[in-house]
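Undergrad: Attaching a single structure in structure tokens format; questions to follow.
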Amino acid sequence: MPLLPDSKIVVFIGPPGAGKGTQTELLGKSRSYKSLIAGDILRAEASKSTQFGQRLNKIISEGKLIPDEIVLEVLEKAIEEKDGVSPVLILDGFPRTIGQAEGLEEMLIRKGKQLNKVFYFHIKPETAIERNSNRRYCPVCKKVYNLRTDEPAKKGVCKICGCKLVTREDDKPEIIRDRLSVYEKQTKPLLDFYRKKSLLVEVDGEKAKNELMRDLEHELDD
Ligand code: AMP
């Protein structure tokens, strides 16, 4: 099924903890927008007990990026599966390198599509560290919690599916620092790449989540 003729493909870029996932979830509820969460898709691949899965798992636990050719192959399949299901498709956490951005551009040209907007979630490094170290994650339904602002009523238990929450291996303080430095070196160059194409929209990731959601809705209605 092709993407809806008027569907918009948008990208969320920002350091770990910038609130991309939270906004993807909120927009999914408020507007039924569909999303592809690169981290979730790659973690699902990494959880397979194949050699390939183990290789991906090691890279993710170390806070490094998965090689572009693997990401492009996995994400292209995922994009095809979400074809035509929503007026807006959010790519959350993809692309993360210039190589991936170029690969995505080629992929969309092949499908007769183009990116509509790229949202850059700006936050201070100390906010990123604070949010990631307070993050807990449900390994089953993927719901994410922040222990400071959004702790479930029953401590340590997912309010949706009742499973035990875990800390992601890559949310340990030393790995968070590595992920931030990977972001600075490999992902930040994308800001100029998309600014030159007049696609970049900067949003304030420090804002209260509902306020930021309204800013994004406004931009997406444009
Ligand atoms: P996230 O859940 O977005 O913080 O991503 C978790 C991890 O998945 C990252 O630290 C990378 O190891 C991997 N990953 C997610 N998205 C990408 C991507 N676009 N390119 C390469 N690796 C990625």
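Undergrad: Compare 171, 92, 150 in a GNM of the chain, Cα atoms joined below 10 Å, and give the one with the largest fluctuation.
TA: 150
Undergrad: For the chain, give me the percentage of DSSP beta bridges that are antiparallel, rounded to the nearest 5 percent.
TA: Bridges in the chain that DSSP calls antiparallel: roughly 20 percent.
Undergrad: If you don't mind, there's one more thing I want to ask. Suppose the chain between residue 116 and residue 80 were pulled fully straight at 0.36 nm per residue; how much longer would it get relative to their current alpha carbon spacing?
TA: Computed gain between residue 116 and residue 80 is 11.2 nm.
Undergrad: Then there's this: Using a Förster distance of 41 angstrom, determine the FRET efficiency expected from the C-beta separation of residue 159 and residue 98, and round it to 0.05.
TA: The pair residue 159/residue 98 has a calculated efficiency of 0.55.
Undergrad: Given the options 129, 109, 90, state which has the largest fluctuation in a GNM of the chain using a 10 Å cut-off (strictly under) for Cα springs.
TA: Highest fluctuation among the options: 109.
Undergrad: I've got another one for you. Would you kindly state how much longer the chain becomes between residue 50 and residue 70 on full extension, computed as 0.36 nm times their sequence separation minus their alpha carbon distance, in nm to one decimal? Don't jump to the answer; show the numbers that get you there.
TA: On the way: separation 20, 0.36 × 20 = 7.20 nm, distance 1.50 nm.
Length difference between fully extended and current span is 5.7 nm.
Undergrad: On full extension of the chain, what length is gained from residue 196 through residue 169, given 0.36 nm per residue of separation minus the C-alpha to C-alpha distance?
TA: Stretched out fully, the residue 196 to residue 169 stretch lengthens by 6.1 nm.
Undergrad: Using alpha carbon coordinates only, what is the Rg to Rh ratio of the chain, with Rh defined as the Kirkwood radius?
TA: Over the Cα atoms of the chain, Rg/Rh equals 0.94.
Undergrad: If you put +1 on each Lys and Arg Cβ and -1 on each Asp and Glu Cβ, how big is the dipole of the range 29-120 around its Cα centre, in Debye rounded to 20?
TA: Approximately 380 debye in magnitude.
Undergrad: Counting Lys and Arg as +1 and Asp and Glu as -1, each charge on the Cβ, what is the dipole of the chain about the Cα centre in debye, to the nearest 20?
TA: For this selection, approximately 760 debye.
Undergrad: Within the range 2-61, report the trypsin sites (Lys or Arg not before Pro) that DSSP leaves as loop and that have at most 12 other Cβ atoms within 10 Å.
TA: Passing sites in the range 2-61 are 48.
Undergrad: Still on this structure, I have one more. From the residues 108, 157, 140, which one has its Cα farthest along the dipole of the chain in the positive direction, the dipole being from +1 and -1 charges on Cβ of Lys/Arg and Asp/Glu about the Cα centre?
TA: 157
Values quoted throughout were computed directly from the atomic coordinates according to the rules given, and no laboratory measurement underlies them. Only a predicted model underlies this, so the values are computations on that prediction, with no experimental measurement involved. Counting neighbours? That spans all protein chains shown, and the Cβs are built from the backbone with ideal geometry, glycine included.
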